[in-house]
Amino acid sequence: MLTSELRTAFSRIVGQQNAWADPSTRLLYAKDASPYPGRTPDLVLRPGHVDELVQIIRLANDHGVPIYPRSGVNLWGGAIPLHGGIVLDMKRMNRILSVDPELFSVTVETGATLWEIHQALTAQGYYNRVAPEGALASAIGGSFLCHGDGIGSALWGNQGDAVIGCKMVLPNGDVVVTGSAANPAAVTATGTSGQFFRYGYANDLTGLFCGSEGTLGVLAELTLSIEQLPEKYGFGTYNFNSVDDACAVLYEARRRRVPANFATLREGRSLAAISPGVEHPVAQLVYVLEGDAPVVDHYMDVLEQIVKQHGGTNAGPQAAERFWERRFGLTPGAMFKLGARVLLPLHYPLGQLAKFYHRIQAICAEIIDRRYGLPYFIGGFQIGAAFVIYPTIMYLEQYPEQYQRVMACTAEVKEALLDLGGAPISLGRLWAEAMPRLGPHYELLKQIKQTTDPKNIMNPGILFPVAEVGATWAQAAPSQSV
């Protein structure tokens with residue numbers, strides 16, 4: 001889609017050393033770790049500053065060039081260039097701009113990994129609330145733009161709950177700041193970022209951009225809430241003879257305010273898939289508690305009592321401790337140990353978890369196992385007063401027949417899961433086909449997209465089919481499919 005003159009103009013903005021038009025590099029950005037196909041972009045750029053972002057986006061908007069921002073590890077198809085155009089690799093914009101304990105916040109650029117943020121904060125005795133597994137490679141921008149969750153979610157919710165404000169470059173090149181720093185006087189008065197409170201200026205624009213998957217602009221900076229490192233962590237692993245008992249413990253522990261930083265449910269089936277040849281329980285809970293030492297000690301005892309009341313046994317702290325030590329590197333290790341996978345996460349109410357879990361088990365057994373003959377397992381973890389359950393289908397992507405089979409299977413499973421009424425995480429293209437089910441909600445989202453990005457240059461095709469929101473460039477010849 002790009003003329004040589006446009007390629008030169010875009011490349012000049014970031015410098016030739018940060019621009020790639022050669023086929024081999026462009027091919028690397030045509031796909032991510034998801035099973036979804038993409039198209040080869042016309043150009044790859046690595047901006048290094050918000051001023052460069054503004055210039056790139058204004059030029060792209062003037063000429064109707066699609067833009068696909070990409071940061072960190074991409075697992076869900078959220079940065080695949082479906083219509084060619086430009087991929088913005090945000091890894092150069094990874095600076096920690098300010099750590100502000102007096103404001104309980106840290107301000108970072110979008111390409112900073114959760115590990116880089118973790119290191120900067122722990123050096124001063126603080127931590128950020130939420131980090132996905134695999135934080136060594138996961139960037140904060142991608143986590144915010146897809147409602148990310150993971151480590152810390154049991155206590156603090158998802159990534160959106162942990163963000164105070166952000167700096168977005170809109171499709172026309174304008175820069176908007178959300179949160180308390182939207183008032184420039186807050187920056188002057190505090191002498192630092194000015195980000196200490198999310199709400200207060202009419203609509204919650206931070207929330208508008210959270211989960212938007214890059215369809216409303218390019219995220220340049222964001223400010224996270226931080227907390228002081230706890231005095232103590234508590235680790236516990238508990239085995240059960242039924243999933244129902246494990247679900248009851250999760251609900252009762254939340255009801256009694258057990259301060260869990262992380263709480264996950266593992267089926268024996270999933271444990272056997274990762275560690276074959278060893279006897280495993282029917283269900284297992286792994287807990288990590290945090291707080292002052294007396295508080296942690298007290299609630300470890302409370303948790304032990306709840307577990308015993310529901311027929312569970314204490315398997316010791318070792319599994320929980322191993323998880324905690326390895327938590328930032330788990331995604332590339334555990335999730336791909338058995339080959340490629342499709343993971344289908346949806347949230348369900350914690351107090352009705354057993355009911356939903358059994359229904360999901362039945363769907364997986366009928367569709368994935370009996371109908372398609374594919375291996376799978378089910379797992380999940382707590383997110384505040386909800387629980388995300390993720391059926392995981394395993395396959396070998398290099399075999400075309402198996403790939404076609406898993407894609408057909410995935411479509412059927414997603415349809416059945418959505419009919420249960422769960423709330424999906426906004427993760428790239430994973431649940432895009434579910435959007436029209438939302439009726440007026442979906443129509444309003446489309447109107448916001450069309451108003452904010454009338455030329456539809458931002459991540460076109462990720463959440464909304466191009467035909468539904470329009471694009472003048474859509475008649476151009478498509479790039480090579482991958």
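The values are calculated or read from the model by the stated rules, or taken from the named source; none is laboratory data. Computed from a prediction, not measured in an experiment: that's the story for all the values here. As a convention, Cβ positions derive from the backbone with ideal geometry for all residues, glycine included, and neighbour counts pool all protein chains shown. When the accessible area is computed, the model is the full protein with side chains, heavy atoms only, and any ligands, DNA or RNA have been set aside. Shrake-Rupley method; radii C 1.70, N 1.55, O 1.52, S 1.80 Å.
The number of residues in segment 207-222 that are over 16 Å from the mean Cα position of the chain (by Cα) and either under 16 Å from residue 162 (Cβ atoms) or small (Gly, Ala, Ser) (or both) comes to 3.
Quick one: is residue 123 at pLDDT 95 or above, open to solvent by less than 20 Å² (accessible area, probe 1.4 Å) and on the phi < 0 side of the Ramachandran plot? Taking the combined requirement at face value, the residue does not satisfy it.
Kindly indicate whether any position in segment 369-384 is acidic (Asp, Glu) and under 26 Å from residue 247 (Cα atoms).
yes
Pairs meeting the criteria (first residue in segment 436-459 and at positive phi, second residue part of a helix (DSSP H, G or I), beta carbons under 7 Å, at least 6 apart or on different chains) are 456/466; 456/469. Being closer than 14 Å to residue 342 by Cβ and outside any helix (DSSP H, G or I) is the requirement here; does residue 390 meet it? So residue 390 passes the test.
What residue, of 423, 411, is surrounded by fewer than 19 Cβ atoms within 10 Å (Cβ to Cβ), closer than 30 Å to residue 258 by Cα and out of contact with any helix residue (DSSP H, G or I) (no Cβ under 7 Å at 6 or more places or on another chain)?
Selected residue: 423, the only one of 423, 411 that is surrounded by fewer than 19 Cβ atoms within 10 Å (Cβ to Cβ), closer than 30 Å to residue 258 by Cα and out of contact with any helix residue (DSSP H, G or I) (no Cβ under 7 Å at 6 or more places or on another chain).
Residue check: residue 224 meets all listed conditions (1) closer than 22 Å to residue 326 by Cβ; (2) of a type in the set (A, V, I, L, M, F, W, C); (3) surrounded by 20 or more Cβ atoms within 10 Å (Cβ to Cβ) but one, namely (1). Of all the listed residues (213, 290), the sole one being buried (at least 19 other Cβ atoms within 10 Å of the Cβ), of a type in the set (D, E, K, R) and at negative phi is 290.
Just to check your reading of the model, which residue among 348, 357, 403 is in a strand (DSSP E or B) and in contact (Cβ under 8 Å) with a residue 60 or more places away in the chain?
Numbers: 357 fails: in a strand (DSSP E or B); 403 fails: in a strand (DSSP E or B).
None of the other options fit; the residue is 348.
Looking only at residues of segment 141-156 that are among the aliphatic types (A, V, I, L, M) and out of contact with any helix residue (DSSP H, G or I) (no Cβ under 6 Å at 6 or more places or on another chain), we find that the one that is surrounded by the fewest Cβ atoms within 10 Å (Cβ to Cβ) is 155. A residue that is modelled with pLDDT under 95 and not β-branched (Val, Ile, Thr) occurs nowhere in segment 249-258.
Set side by side, the residues 60, 112 differ, and just one is of a type in the set (Gly, Ala, Ser) and farther than 26 Å from residue 195 by Cβ, which is 60.
Any idea which of 246, 272, 220 is of a type in the set (Gly, Ala, Ser), touching a Cys at 6+ places or on another chain (Cβ under 9 Å) and not in a loop (DSSP other than H, G, I, E, B)?
On inspection, the qualifying residue turns out to be 220.
Tally up the residues in segment 17-40 that are under 20 Å from residue 219 (Cα atoms) and crowded, with 18+ Cβ neighbours inside 10 Å, please. The total comes to 3. Among the conditions (1) over 30 Å from residue 245 (Cα atoms); (2) at pLDDT below 90, the only one that residue 407 does not satisfy is (2). Within segment 105-138, the residues that satisfy the criterion of being under 29 Å from residue 350 (Cβ atoms) and either small (Gly, Ala, Ser) or under 11 Å from the mean Cα position of the chain (by Cα) (or both) are 105, 130, 131, 132, 133, 134, 135, 138.
Restricting 76, 115 to residues that are open to solvent by 10 Å² or more (accessible area, probe 1.4 Å) and in contact with an Asp or Glu (Cβ under 8 Å, 6 or more places away or on another chain) narrows the list to 76.
For segment 157-170, the criterion of a residue being assigned to a helix (DSSP H, G or I), under 22 Å from residue 207 (Cβ atoms) and open to solvent by 30 Å² or more (accessible area, probe 1.4 Å) is satisfied by at least one position. Among residues of segment 412-468 being part of a loop (DSSP other than H, G, I, E, B) and of a type in the set (A, V, I, L, M), the one that is farthest from residue 370 (Cα to Cα) is 457. Here the condition is being more than 30 Å from residue 61 (Cα to Cα) and open to solvent by 10 Å² or more (accessible area, probe 1.4 Å); of 240, 262, 197, it holds for 197 alone.
Just a yes or no: is a residue in segment 23-44 over 23 Å from the mean Cα position of the chain (by Cα), farther than 13 Å from residue 84 by Cα, of a type in the set (Lys, Arg) and not in a loop (DSSP other than H, G, I, E, B)? Checked against the condition, which is being over 23 Å from the mean Cα position of the chain (by Cα), farther than 13 Å from residue 84 by Cα, of a type in the set (Lys, Arg) and not in a loop (DSSP other than H, G, I, E, B), segment 23-44 yields no hits at all. Residue count for segment 436-475 under the criterion of being within 22 Å of residue 346 (Cβ to Cβ) and either β-branched (Val, Ile, Thr) or touching a Lys or Arg at 6+ places or on another chain (Cβ under 9 Å) (or both): the result is 3. Suppose we keep only residues that are in contact with a Lys or Arg (Cβ under 8 Å, 6 or more places away or on another chain) and of a type in the set (A, V, I, L, M, F, W, C) within segment 265-284. Which one would you say is surrounded by the most Cβ atoms within 10 Å (Cβ to Cβ)? Looking at residues that are in contact with a Lys or Arg (Cβ under 8 Å, 6 or more places away or on another chain) and of a type in the set (A, V, I, L, M, F, W, C), I get 283.
The set of residues from segment 79-94 being open to solvent by less than 20 Å² (accessible area, probe 1.4 Å) and either touching a Gly at 6+ places or on another chain (Cβ under 7 Å) or on the phi > 0 side of the Ramachandran plot (or both) comprises 80, 81, 84, 85, 90, 93.
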